[in-house]
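**Q** Please see the structure below; I have some questions.
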Amino acid sequence: MSHETLDAAETLPAEAIDAIERAATSAHRHEELFSERAANIRQSAVRDVFDISMRPGLVSLAGGSPYLQSLPLDRLAATAAKIIAEDGLTALQYGTGQGTEELRTQICEVMAAEGILDAVPQNVVITAGSQSAQDVATKVFCNPGDVVLVEDPTYVGALNTFEAYQVQVESVAMDESGLIPDLLEAKIAALQVAGKNIKFLYTIPNFNNPSGITLAKERRQQVVDICRNANILILEDNPYGLLRFSGEPLSPLRAGNPGDVIYMGSFSKIFAPGLRIGWALVPEHLQRRYYLAAESVTLCPPALNQMLVSAYLRDYDWNGQIETYRGLYAERCKAMLAALQEHMPAGTTWTSPEGGFFVWVTLPEGLDTYPLLHKAIEAGVVFIPGAAFTPSDEPSNKLRLAFSAVPPEAITEGVRRLAPVLQEAIAAL
């Protein structure tokens, strides 16, 4: 049986490495040299783990990468060559800080497919992926000590950004239907009584990274109304929204609330992450300051990459490619859920996502999944410990499994290898 494997540490996606590093607890020996801002980001010696993992045959269920093998790479290569040959002086030159008008117009069409029908190009800011859009928003709105609300669990990259800006990150619990409005309202009230300054709620409503959970349709406007009443912005991160396995995408929070939501999108999951092209749709009254802050970070988004994305959206069947992705990921999610059902020991539970890349596994209380990572690597499989995805310093009994970049047979084998590691830990309780 052949499996896609991790042959070197460098091949694991940066997002996965960041997540595992957050889950570690040991401090770096140069800790005292960090600035106050940098010291807020947890450091670790987790690279040692990847020295161990540099051997053939390791099944990685860690990295949330898209399956690029399904792209028409030969045709894309010809397109890139044509852009440089015919428009190289533009493609390789500095560009505008906000991004090309053509791509911003096309992005409005992409958002229309997601349910946002009133977006205009002048309110779109092109960013270096949605990661950069998060950074700019935090830079613009947050002073040290301000509060940012997040789902529990939430995206590791966002936590790293927020902590770097020295904000206080407060989490709100989810259930199988996503963020719980009553708990959000209670958390806001308690923080306000304590005199805290809450700036925004960061949320991944569709197929949350890492849990795979989707915010229920009936809760979406409730969440917006709660935040609006408290004068709190919403930062909506939606890289996976078009990757629903079946049916139509749920309407984004931004769709009916143009003045209250900064909407972030990305081509990383629906096209290719290496191009580092994302965007923020910013309320009109906030656009100018947001755009200037973005320009101060990157000066201008890469013109060649923007022109390649524009050509892809203009000349290729990008909707058909999304359908291909949806079918691939649905098949792989099905394989993972079946493998979990067959191999996982008693006492474990997991989510059943309707789209996206991830399944969230919960072990019995009292277990810490971070130490289990080393044992899993010895068994030939990699996962991300749950501690990576929360602002808490407490151990976590959860872990994230990614199915997007791994063929079904390798997923099955990876889960089969992981199960005895978990079984042994549960038996030792």
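The values are calculated or read from the model by the stated rules, or taken from the named source; none is laboratory data. Bear in mind the structure is a predicted one, so any value in this text is a computation, not a measurement. Here the Cβ is made from the backbone with ideal geometry for all residues, glycine too, and neighbour counts use every protein chain on show. Only protein heavy atoms, including side chains, enter the accessible area calculation; ligands, DNA and RNA are left aside. Shrake-Rupley method; radii C 1.70, N 1.55, O 1.52, S 1.80 Å.
**Q** To the nearest 0.05, how large is the calculated FRET efficiency for E323 and R228 if R₀ is 35 Å and r is the Cβ-Cβ distance?
**A** After rounding to 0.05, the efficiency reads 0.50.
**Q** Have a look at the DSSP beta bridges in the chain and tell me what percent are antiparallel, nearest 5.
**A** 50
**Q** Need one number: convex hull volume per residue for the range 384-429, Cα atoms only, in Å³.
**A** In the range 384-429, the Cα hull volume divided by residue count equals 66 Å³.
**Q** Related question: Measure out, as a whole number of angstrom, how far apart the alpha-carbon centroids of the range 267-344 and the range 204-218 sit.
**A** 17
**Q** Applying 1/(1 + (r/R0)^6) with R0 = 30 Å to the Cβ-Cβ distance of L429 and S352, what FRET efficiency is obtained, to the nearest 0.05?
**A** My answer for the efficiency is 0.75.
**Q** If I compute solvent accessible area with a 1.4 Å probe over the protein chains, what percent of it on the range 53-116 is carbon and sulfur?
**A** So the carbon and sulfur contribution to the accessible surface is 57 percent.
**Q** Mean 1/r over all different Cα pairs, inverted: what Kirkwood radius does the range 231-369 give, in Å?
**A** 18.0
**Q** Which value, in debye to the nearest 20, describes the size of the charge dipole of the chain about its Cα centre when Lys and Arg Cβ atoms bear +1, Asp and Glu Cβ atoms bear -1, and nothing else is charged?
**A** Rounded to the nearest 20 debye, it is 220 debye.
**Q** Give the accessible surface of the chain per residue, rounded to a whole number of Å², with probe radius 1.4 Å and ligands, DNA and RNA excluded.
**A** Accessible area per residue, the chain: 41 Å².
**Q** Write down the percent of antiparallel bridges among all DSSP beta bridges whose residues are both part of the range 137-244, to the nearest 5.
**A** 10
**Q** Another question about this same structure. So what's the convex hull volume per residue for the Cα atoms of the chain, in Å³?
**A** About 148 Å³ per residue, rounded to a whole number.
**Q** How high is the FRET efficiency from E102 to Q341, r the C-beta distance, R0 56 Å, rounded to 0.05?
**A** About 0.75, to the nearest 0.05.
**Q** Tell me, what is the 1.4 Å probe accessible area of S266, in Å² to the nearest 10?
**A** Number for this one is 10 Å².
**Q** Compute the semi-axes of the equivalent ellipsoid of the range 352-429, taking the square root of 5 times each eigenvalue of the Cα gyration tensor, and list them largest first in whole Å.
**A** Computed over the range 352-429, the values are 20, 17, 11 Å.
**Q** Could you order S35, S65 by accessible surface area, starting with the largest, using a probe radius of 1.4 Å?
**A** S35, S65
**Q** Here's something else I'd like to know. Can you give me the orientation-averaged projected area of the convex hull built on the Cα atoms of the range 63-211, in nm²?
**A** Over every viewing direction, the Cα hull of the range 63-211 projects on average to 12.0 nm².
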